[in-house]
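Chemist: Take a look at this one; I'll ask things after.
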Amino acid sequence: MLEGAKPLDVGIPAQVFTTRASMPYEVRVCGAAPGRVTGGDGLAYDVAHGLDALAWADIVFVPGYRFPDRDDPPPAVVEALVDAHGRGARLAAISTGAFALAATGLLDGRRATTHWHYTRALMARYPQVKVDENVLYVDEGSVLTSAGAASGIDLCLHILRGDLGVAASNHAARRLVAAPLSQRRPGPVRTAQRA
């Protein structure tokens, strides 16, 4: 979690992938270092784990944060994300977390999205990224991005569906009181998977 982390962006994956008997995930919240992280919107987080938690993670969620168009993530965070991806972890950014993924270079030449308010800034700052401002989320296999906090739910349900199937994804959607992905109209939503 980066300084200025958005509360919904932090809470959505924690809620969807929460540790419970029916879910084969263990959720850990980490930051650049253990301790207090000042979040966005007047909240702060007491983070128990540092970047060493990324060494065992299969999926790493990067929540959106304040001022992504002017504040680079710390080099240690960028390095930890690159290392996690290099050993096979999937990286998923919610909203402006896409800026942190772009800083790693892992989005270069790939489609990605971010919050609509920041799509032009992402294009300008990282011209190698193929920014798609007309989708809710983009799945490029090992790197995934969502357009905003609410579309972070869609992204998490999409990941859950891929990992555990439609029934598990629909169960999580009911628990969240969200429409199951299988019942949503496709509209402008497009996803891409790399072979």
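Chemist: Report yes if some residue within region 34-54 is in contact with an Asp or Glu (Cβ under 8 Å, 6 or more places away or on another chain), within 25 Å of GLU140 (Cα to Cα) and either hydrophobic (A, V, I, L, M, F, W, C) or touching a residue at least 24 places away in the same chain (Cβ under 8 Å) (or both); otherwise report no.
Modeler: There is at least one residue in region 34-54 that is in contact with an Asp or Glu (Cβ under 8 Å, 6 or more places away or on another chain), within 25 Å of GLU140 (Cα to Cα) and either hydrophobic (A, V, I, L, M, F, W, C) or touching a residue at least 24 places away in the same chain (Cβ under 8 Å) (or both).
Chemist: Being of a type outside the set (Asp, Glu) and closer than 22 Å to ALA57 by Cα: is that true of LEU155 here?
Modeler: Yes.
Chemist: Select, from ALA147, ALA112, ALA100, ALA89, the only residue that is at pLDDT 95 or above, within 16 Å of the chain's Cα centre (by Cα) and closer than 16 Å to TYR25 by Cβ.
Modeler: ALA89
Chemist: It is to be established whether one or more residues within region 33-53 are basic (Lys, Arg) and under 15 Å from the mean Cα position of the chain (by Cα).
Modeler: no
The values are calculated or read from the model by the stated rules, or taken from the named source; none is laboratory data. A quick note: this is a predicted structure, and the numbers were derived from the prediction, not measured. As a convention, Cβ positions derive from the backbone with ideal geometry for all residues, glycine included, and neighbour counts pool all protein chains shown.
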